[in-house]
Each structure stands twice: as structure tokens, then as C-alpha cells.
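The values are calculated or read from the model by the stated rules, or taken from the named source; none is laboratory data. Everything quoted here is computed from the prediction, not taken from an experiment. Cβ: placed from backbone, ideal geometry, glycine included. Neighbour counts: every protein chain shown.
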Amino acid sequence: MQTYEIKKDIYWVGAVDWGIRDFHGYSTYAGSTYNAYLMLDEKVVLFDTVKKEFKSDLLHRIRSIIDPEKIDYIVVNHVEMDHSGSLPEIIDIIKPEKIICSTMGEKNLKAHFHREDWPYHVVKTGDSISCGKRTIQFIETRMLHWPDSMFSYIPEEKLLISSDAFGQHLATSQRFDDEVNETVLMYQAQKYYANIITLYSPQVRKLLKSVKDMGIEIDMIAPDHGIIWRKDPMKILNAYEDWSHHRGCKKALVIYDTMWHSTEMMAKAVADGIESQGVNVQLIDLSVNHRSDVMTEVIDSKGICLGSPTLNNGLLPRMAGFLMYMKGLRPTNKYGAAFGSYGWSGESVKLLNKAMEEMKFEIIHEGIRVKYVPDHDTLKLCNELGKKMGEMVKAGCERE
Amino acid sequence: MQKYKCQVCGYVYDPDIGDDSSGIEPGTAFEDLPDDWVCPICGAEKDQFEPTDD
């Protein structure tokens with residue numbers, strides 16, 4: 001089985017998951033990888049493992065380089081099962097001298113695998129371990145995106161093994177950023193940030209600042225999913241800086257669901273209004289777009305218009321589900337507006353506004369409700385709402 | 001006394017309970033927690049907490 005030497009005596013020994021299409025609600029149309037890294041030195045170190053069902057891939061790759069029993073340390077940068085699922089069996093084979101993890105890592109490993117007898121070795125930010133020619137420095141990255149998360153940095157190689165940060169769900173036979181289509185790579189990195197990291201943006205900003213302050217030199221970033229950044233690691237660091245500020249890019253979304261096309265007609269009129277202001281707009285029908293693709297667009301949009309008819313005094317279920325998903329990820333720094341048709345009581349606009357207020361969006365209009373089917377005058381109002389959103393987005397983006 | 005909620009992970013600091021894992025005695029007001037106290041669940045710092053009625 002193929003292995004890849006990413007630096008002298010440091011190998012990628014992970015697994016490619018070509019078939020995964022749903023990662024607990026995140027659509028992974030491009031598959032994924034579970035990256036693990038093996039460093040040969042006086043002490044042999046394995047960084048993370050793979051999802052349980054890919055244990056043999058990992059072992060095959062390790063065995064083609066070294067007898068697994070020669071591994072001295074396993075570093076657990078992240079306890080989530082896609083990186084730790086095969087740990088119990090791997091530990092039985094390797095019998096490592098140390099399992100290196102953060103304080104929260106030890107707690108979480110015990111809560112997952114119930115093994116008090118493993119040789120845990122807890123490290124904190126600033127700690128380092130000498131492996132011979134090389135050193136591993138540890139940087140705790142709590143809640144980026146689990147309490148146990150940490151980075152491993154190898155100064156002699158200027159290599160940052162970054163756990164779940166800077167990753168992408170992308171199955172490929174290539175391992176490096178310069179070997180794949182850059183547009184595809186950056187889209188998948190944005191989708192990953194939008195659906196996994198958005199909520200932890202304050203932690204990202206803090207981390208990026210502390211990495212800058214520490215003055216560590218990075219010429220390669222090796223995440224736990226997807227492609228390794230060797231051509232231009234600053235590209236993904238800069239992108240994280242932008243995404244973590246939820247900066248918009250003169251872009252607005254009209255996200256809607258519809259029963260009998262009334263809300264859809266309103267959505268189109270709103271989108272036309274936005275477009276007339278020279279702002280990039282996307283019309284997103286929730287019945288044909290996956291929530292995680294929608295979130296990918298939310299992250300760099302400045303304006304969000306939400307449309308739903310009223311069903312049984314509430315929202316249509318797809319809109320309610322999307323709102324639950326978006327609220328959990330807590331995007332910020334957006335303008336919001338709502339619209340929707342109704343038959344009798346018409347609660348949807350109120351509910352949409354409430355949800356956007358909870359996310360601290362700046363609501364730019366009280367919203368537009370229409371009984372049954374919009375007429376020409378109502379569609380004109382929708383168009384005006386779109387124009388206002390377009391103006392706000394343009395002005396807001398120019399200020400940023 | 002006022003409870004405070006971690007805006008990162010949702011943990012609620014209840015002064016009546018304190019935080020055993022950091023040696024914080026019951027009856028300690030949030031304001032009196034040491035500056036280097038962090039959320040026992042996720043490690044967020046004090047400025048990530050907001051008052052809550054939960």
C-alpha cells in the first residue's frame with residue numbers, strides 16, 4: 001500500500017474514504033481522508049489514527065515502513081472517533097511507551113474507551129518532547145473544535161500537524177495542495193470551515209494571533225483531513241483569518257422553501273432587487289440544496305434573506321431544520337430580512353426574524369407577509385426589500 | 001447568586017455548587033473566581049461567560 005514521505009522520515013500513513021457521503025449531517029460528496037502521520041527518529045511517533053473501519057489501511061501503510069511494535073509514542077491530537085476509533089486495537093498491537101495527549105484528551109480518551117491502564121502522558125501548551133533529532137512542541141487548541149484538540153509542531157521541520165483545523169473533506173490520490181485543483185481545494189476548505197469551525201471563530205482568531213506572537217515558522221501544514229499544505233500554507237492561514245471574522249464579500253443569499261410557489265415568487269423578486277444593486281446574489285431553494293452547502297455560502301455572505309410560508313402556525317420543516325443547523329454554527333456580522341406567504345395566521349416572518357435576532361443579525365426590514373398569492377404590488381415591495389438589502393451589503397462591505 | 005453560562009460549550013457556572021475540578025468552593029461568586037480560572041468542560045476563559053437564568 002502506497003505511503004507518502006511528506007518530509008524526510010515523516011510519512012502520511014492515513015486512509016482515503018472514497019465512499020462517505022454524509023458525515024453526521026455534513027454532505028461529503030467528495031469523500032474524505034483520515035490522515036495519520038508517522039515520524040521515524042530515535043523515538044518513533046505516530047500522530048493520530050484513523051476511523052475504526054480503516055484500521056487495516058493504517059497498519060498496512062505503517063508495516064510497509066516499519067514494524068508497528070517499534071512505535072514508541074502515539075500522539076492523540078484529537079479524540080473524535082474518525083481519528084481515534086482504531087486506537088484500542090492499534091494500541092494492543094503497538095504497545096506504545098506513551099500516549100501523548102492534552103489534559104482534556106486524557107479525560108475524553110477515558111470517557112470513550114474506558115481504559116485506565118493506558119500509558120497516558122499529558123502535555124500542555126509550551127511543553128515539548130525530544131524524539132532524537134527532532135522535537136515535538138504542543139499547542140492546546142481547546143474547542144477547535146473539541147475540548148481535547150491540540151496541534152503538534154515540529155520546529156526542525158517547520159511542520160505543523162494541525163488536527164482538524166485547516167482540513168477538508170476531499171478524497172484524492174494526491175496528498176499536496178500543489179497537486180490538486182486549487183478552486184476545488186479552497187471550496188472544500190471553506191465548506192469545512194463553514195460547517196465545522198464557524199462556531200469556534202473566536203478561538204480561531206485567538207489561535208492565529210498566538211501563532212503569530214509565538215513567531216513559529218511554518219512551511220507545511222498537515223491536517224487530519226484532506227490535502228497537506230506545502231506550496232502555500234499562508235493561503236489557508238489567511239483564509240481562516242477572513243472566515244473567522246465572518247467577512248462578507250458583496251454577496252447576499254435568498255434562502256427559501258415554498259409550498260405553492262408564492263414564497264418562491266417573493267424570493268425571486270427579492271433576489272432581483274439585490275442583483276439590481278450590483279451585488280452577487282444566490283437564490284437557494286432548500287428543497288434542492290443540502291444544508292451544509294448552504295452554510296458554505298453563508299460564511300462569506302453579508303446579507304441573508306429568509307423566506308418561508310406558514311405551515312400549521314410555524315415554519316416549513318426544511319426551513320426550521322436549516323435554522324436549527326445555522327443557529328448552532330452561530331454565523332455573525334450579517335444583515336437579515338424575512339418574507340413569506342400564509343393562508344390564515346401567518347407566523348413565519350415573525351419566527352424567521354426571531355431566529356435572526358437570536359443570531360444577532362441586523363434586521364434591516366420588518367419583513368413582508370402576503371396572504372396566499374402575491375400580486376404585482378407585493379412583488380414590487382419584495383423587490384424594494386431586495387434593493388435595500390443590496391445597498392446595505394454594498395455599504396457594509398465597503399466599510400469592512 | 002447569578003449563574004454564568006459558557007458561550008462556547010454551554011456549561012453553566014452555578015455559584016451554589018462551585019467547581020470541584022478546580023478546587024472552587026460552593027458559595028464562590030463568578031466575579032470572585034480567579035482570573036486564570038477556565039471552563040471545566042471546554043477550557044474557555046472567563047470573558048467567554050455571560051449571565052444566565054438557566
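Some points to look at:
- A:M150 being at pLDDT 95 or above and within 14 Å of chain B (Cβ to nearest Cβ): yes
- Selected residue [of a type in the set (D, E, K, R) and within 14 Å of another protein chain (Cβ to nearest Cβ)] from A:R142, A:R134, A:R175: A:R142
- Single unsatisfied condition, A:I197 versus (1) more than 14 Å from every other protein chain (Cβ to nearest Cβ); (2) farther than 15 Å from A:R230 by Cβ; (3) under 9 Å from the mean Cα position of the chain (by Cα): (1)
- Near pairs, Cβ below 6 angstrom, 6+ apart or cross-chain, from region A:387-399 (more than 20 Å from A:K268 (Cβ to Cβ)) to any residue that is outside any helix (DSSP H, G or I) and β-branched (V, I, T): A:K394/A:V279
- Yes/no for A:Q203 being within 14 Å of chain B (Cβ to nearest Cβ), in contact (Cβ under 8 Å) with a residue 24 or more places away in the chain and within 18 Å of the chain's Cα centre (by Cα): yes
- Residue match in region A:175-197 (condition: in the same structural domain as A:W12 (by TED's automatic domain parsing), at pLDDT 95 or above, touching a strand residue (DSSP E or B) at 6+ places or on another chain (Cβ under 8 Å) and part of a strand (DSSP E or B)): yes
- Subset of region A:147-165 (residues that are under 16 Å from the mean Cα position of the chain (by Cα) and closer than 20 Å to A:E5 by Cα): A:S162, A:S163
- Qualifying residue in region A:99-109 (condition: in the same structural domain as A:L40 (by TED's automatic domain parsing), more than 26 Å from the chain's Cα centre (by Cα) and of a type in the set (D, E, K, R)): no
- Residue check, A:K235 of a type outside the set (A, V, I, L, M, F, W, C) and within 14 Å of chain B (Cβ to nearest Cβ): no
- Unmet criterion (only one of (1) touching a Leu at 6+ places or on another chain (Cβ under 9 Å); (2) among the aromatic types (F, W, Y); (3) outside any strand (DSSP E or B)) for A:F339: (3)
- As a summary of the residue check, A:G167 satisfies the conditions (1) buried (at least 21 other Cβ atoms within 10 Å of the Cβ); (2) over 20 Å from A:P223 (Cα atoms) except for the one numbered (2).
- Test: residue in region A:48-67 that is touching a Gly at 6+ places or on another chain (Cβ under 7 Å) and modelled with pLDDT under 95: no
- Conditions (1) surrounded by 18 or more Cβ atoms within 10 Å (Cβ to Cβ); (2) aromatic (F, W, Y); (3) in a loop (DSSP other than H, G, I, E, B); number of the one not met by A:Y240: (3)
- Scanning region A:167-193 for residues that are of a type in the set (A, V, I, L, M, F, W, C) and in contact with an Asp or Glu (Cβ under 9 Å, 6 or more places away or on another chain) returns A:A171, A:L185.
- Some residue of region A:99-106 being touching a Lys or Arg at 6+ places or on another chain (Cβ under 9 Å) and over 22 Å from A:S130 (Cβ atoms): yes
Residues are listed down the side, and each one gets a yes or a no for (1) surrounded by 11 or more Cβ atoms within 10 Å (Cβ to Cβ); (2) within 14 Å of chain A (Cβ to nearest Cβ):
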site: B:Y4; (1), (2): yes, no
site: B:Q7; (1), (2): yes, yes
site: B:G18; (1), (2): yes, no
site: B:A29; (1), (2): yes, no
site: B:L33; (1), (2): yes, no
site: B:P40; (1), (2): yes, yes
site: B:E50; (1), (2): no, yes
site: B:D54; (1), (2): no, no
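- Extreme residue, surrounded by the most Cβ atoms within 10 Å (Cβ to Cβ), among residues of region A:1-59 that are of a type in the set (A, V, I, L, M) and assigned to a strand (DSSP E or B): A:M39
- The test for being surrounded by 22 or more Cβ atoms within 10 Å (Cβ to Cβ), within 21 Å of the chain's Cα centre (by Cα) and either in a helix (DSSP H, G or I) or of a type in the set (F, W, Y) (or both) does not hold for A:M234.
- Only one entry of A:A222, A:A252 meets the criterion of being buried (at least 22 other Cβ atoms within 10 Å of the Cβ) and farther than 28 Å from A:I20 by Cα, and that entry is A:A252.
- The condition (being more than 30 Å from B:V8 (Cβ to Cβ), among the charged types (D, E, K, R) and in the same structural domain as A:T33 (by TED's automatic domain parsing)) is satisfied by just one residue among A:D117, A:D148: A:D117.
- Residue among A:S84, A:S102 that alone is buried (at least 20 other Cβ atoms within 10 Å of the Cβ) and within 14 Å of chain B (Cβ to nearest Cβ): A:S102
- In this structure, A:R369 does satisfy being more than 17 Å from A:I274 (Cβ to Cβ), among the basic types (K, R), out of contact with any Asp or Glu (no Cβ under 9 Å at 6 or more places or on another chain) and at pLDDT 95 or above.
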